[in-house]
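To start, the structure itself, in structure tokens.
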Amino acid sequence: MPRKRNPQRFTTDEAQTATLLVTEGSSFCRLERRPYGLYRYPILQIGMCDREALLPAQRVFRTKIIAGTEERIQCLPHLFPPDGRGRWWLRTLGTHADRVVDRVNPFLTTEFKRKWQQTKQRCQ
């Protein structure tokens, strides 16, 4: 039977994810129309040209890295094949996004925490 991880200790993936959130991340509200009303979800998103740099955050977010294409060149062609017209994205939303922020909270800056609180209030 595997040992449980101590919840007070942090992994290197969590520390790297917090750094990526502060430097490359963004947070905003997503509005969805449902037959029974409108719902708003807070979203955490990290976008980068280098896919390998997102791998630690992928393990913390527990989601897949997706490719987002665009009209203009954003990355070097060898980082986003074939022509560099796009970026790699990683997103999580709702309660899971809130749990990720709570987990990496000691590593986040006060400015990022303030922006996240504003985003959550806007999504209420």
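No value in this document is a laboratory result; all are computed from the given coordinates. Here the structure is a predicted model, which means the values were calculated and not measured. For neighbour counting, all protein chains shown are included, and Cβ atoms are generated from backbone atoms with ideal geometry for every residue, glycine included.
Taking R0 as 25 Å, what's the FRET efficiency between Arg99 and Ile73 from their Cβ-Cβ distance, rounded to 0.05?
Using R0 = 25 Å, I get an efficiency of 0.10.
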### Task
Classify the chain as rounded, prolate or oblate from the Cα gyration tensor: take a ≥ b ≥ c as the square roots of its eigenvalues, call it rounded if a/c is under 1.5, otherwise prolate when a/b beats b/c and oblate if not.
oblate
#### Entry: Residues of type aspartates and glutamates that Lys64 reaches as a straight line, Cα spacing below 14 Å, ignoring anything fewer than 8 places off in the same chain
Glu52
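Where a ≥ b ≥ c are the square roots of the eigenvalues of the C-alpha gyration tensor, would you call segment 2-73 rounded, which needs a/c under 1.5, or, failing that, prolate if a/b is larger than b/c, or oblate? Before the final figure, lay out the partial values.
Values: a/c = 2.33, a/b = 1.30, b/c = 1.80.
Cα axes put segment 2-73 in the oblate bin.
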### Theoretical ellipticity at 222 nm over the chain - DSSP helices of four or more residues, -39500 (n - 2.57) apiece, nearest 500
-10000 deg cm²/dmol
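Multiply the residue separation of Leu38 and Gln124 by 0.36 nm, subtract the distance between their alpha-carbon atoms, and state the gained length in nm to one decimal.
Working: separation 86, 0.36 × 86 = 30.96 nm, distance 1.11 nm.
Roughly 29.9 nm would be gained on extension.
Rank these for me by crowding, His96, His78, going from fewest to most other beta carbons within 10 Å.
His78, His96
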### Message
Test of the criteria: in segment 67-124, which trypsin sites (Lys or Arg not before Pro) are in a DSSP loop and have at most 16 other Cβ atoms within 10 angstrom of their Cβ?
### Response
Arg72, Arg85
### Query
Going by how many other beta carbons lie within 10 Å of each one, how would you line up Val101, Val22, fewest first?
Val22, Val101
